[in-house]
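Quick note: the coordinates plus some simple rules give every number you see, no bench work behind them. Bear in mind that the values here come from a model prediction, so they are computed numbers and not experimental data. Don't worry about glycine lacking a Cβ; one is built from the backbone with ideal geometry, like all the others, and counts go over all protein chains shown.
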Amino acid sequence: MTSMPSTTRRACVAAFITLALPLPVALAAPVSMHSEQVPGYYRMKVGDLEVTALNDGFVYPPLEKFRNTDADTIKSRLENLFAPLRTGKDGTVQVGTAVNAFLVNTGQQLVLIDTGSGACIDSAGHLLKNLAAAGYKPEQIDTVLLTHSHADHSCGLLDKQDKIVFTNAHVYMPKNDTNYWLDKNIMSKLPEANQVSFKVSQKVADVYGAAGKFTSFTEGDTLPAGLKAMPSYGHTPGHTGYQLTSNGQNILFWGDIIHNHTLQFADPSVAIEFDINVSQAVETRKRVLTEAAEQKPWIAGAHLPFPGIGHVQAQGTGRYNWVPVEYSPVVPE
């Protein structure tokens with residue numbers, strides 16, 4: 001038998017392999033991307049209590065809103081921590097900041113600390129959706145504590161028709177904030193654009209007050225669920241944090257001590273235009289950060305990256321680092 005030339009053998013083998021392979025199928029239609037994020041809630045135990053962080057959305061302050069710093073320093077710090085910038089419709093360079101609220105379940109009471117933006121801010125207002133995803137209904141909440149009365153913390157108390165959202169809740173607002181935000185004389189001296197939080201606060205006091213569900217409290221007053229008011233004035237006249245202790249663990253819901261983690265942990269002297277008393281806000285931030293680094297409670301912040309819970313770590317004199325909670329299952333005590 002005459003042997004087959006090697007080139008012919010290779011050609012036959014290649015042809016056999018080709019015939020043995022499956023024929024190509026038509027490409028499937030492009031797969032749609034999903035623009036919805038996972039539900040914005042995160043649960044953890046603090047002693048015998050359960051705390052649920054609820055994301056309300058994002059706000060985007062322009063860099064020019066920050067004080068005691070400059071644009072180049074801001075951009076450098078943001079780049080170092082890979083914090084994205086965006087350009088707003090008005091052409092301003094902006095940085096995203098989360099808006100968070102927190103729900104405390106004692107087993108007998110449901111206490112909501114801050115209520116998000118409601119209908120006041122287009123890029124936020126998702127608290128009720130995330131509350132439902134977390135397994136709760138607005139009517140189950142019996143207490144609302146406001147850290148202060150800016151609209152991104154209080155506007156969620158009312159719906160678009162100015163009706164009560166948390167129908168069975170009693171609202172507690174710090175006295176110094178009540179005195180300020182309910183003062184129509186102060187409001188009248190400000191531009192229309194700066195009157196939003198005044199109008200929201202006044203409507204909240206009217207609507208919840210008419211239902212007998214509004215209390216203005218002062219330092220030292222007893223608050224529901226064993227929460228202790230921790231005055232931290234400056235950002236607003238009555239800005240107040242709330243400390244909760246259970247079975248040897250502590251958590252401080254500190255409101256707006258920090259507005260941007262990339263800037264203000266590294267330099268607590270950086271302020272923001274929304275601080276009503278800038279110098280007092282800076283001194284308060286320095287004090288609270290020092291105490292948080294020394295005492296090591298859990299921190300829950302309204303404008304820290306979601307879920308906004310973690311610890312403060314000292315990084316030399318007057319500088320701090322944010323150590324966020326690590327995602328984990330809820331482990332019963």
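Tabulated values for the structure
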quantity	calculated
³J(HN,Hα), Karplus 6.51/-1.76/1.60, whole Hz, each residue of the stretch 245-254, x for Gly, Pro	10, 8, 6, x, 10, 10, 9, 10, 8, 9
Residues Thr317, Thr73, sorted so that the one with the fewest Cβ neighbours within 10 Å comes first	Thr317, Thr73
Distance violations [Cα-Cα > 19 Å] among Lys163/Lys213; Lys163/Lys228; Lys65/Lys175; Lys160/Lys199; Lys184/Lys213	Lys163/Lys228; Lys65/Lys175; Lys184/Lys213
By average C-beta atoms within 10 angstrom, highest first, the peptides 152-162, 33-43, 100-110	152-162, 100-110, 33-43
Shape of the chain, Cα gyration tensor, a/c cut at 1.5	prolate
Bridge type composition, the chain - antiparallel percent by DSSP, nearest 5	75 percent
Inter-centroid distance (Cα atoms) of the stretch 264-333 relative to the stretch 86-106, Å	16 Å
Whole-angstrom gap from the stretch 137-161 to the stretch 173-195, using each part's C-alpha centre	18 Å
Kyte-Doolittle mean at least 0.5, axial Cα span of 20 Å or more - DSSP H helices of the chain	6-20
Helical contribution to [θ] at 222 nm, DSSP H n ≥ 4, -39,500 (n - 2.57), averaged over the chain, rounded to 500	-7500 deg cm²/dmol
In order through the stretch 120-130: 3J(HN,Hα) via Karplus (6.51 cos²θ - 1.76 cosθ + 1.60), integer Hz, x for Gly, Pro	7, 10, 4, 8, 9, x, 9, 4, 5, 4, 6
Charge dipole magnitude, Cβ of K and R +1, D and E -1 - the stretch 40-324, Cα centre, debye nearest 20	200 debye
Of Gly310, Gly156, Pro84, farthest towards positive along the dipole that unit charges on Lys, Arg, Asp, Glu beta carbons give the chain	Pro84
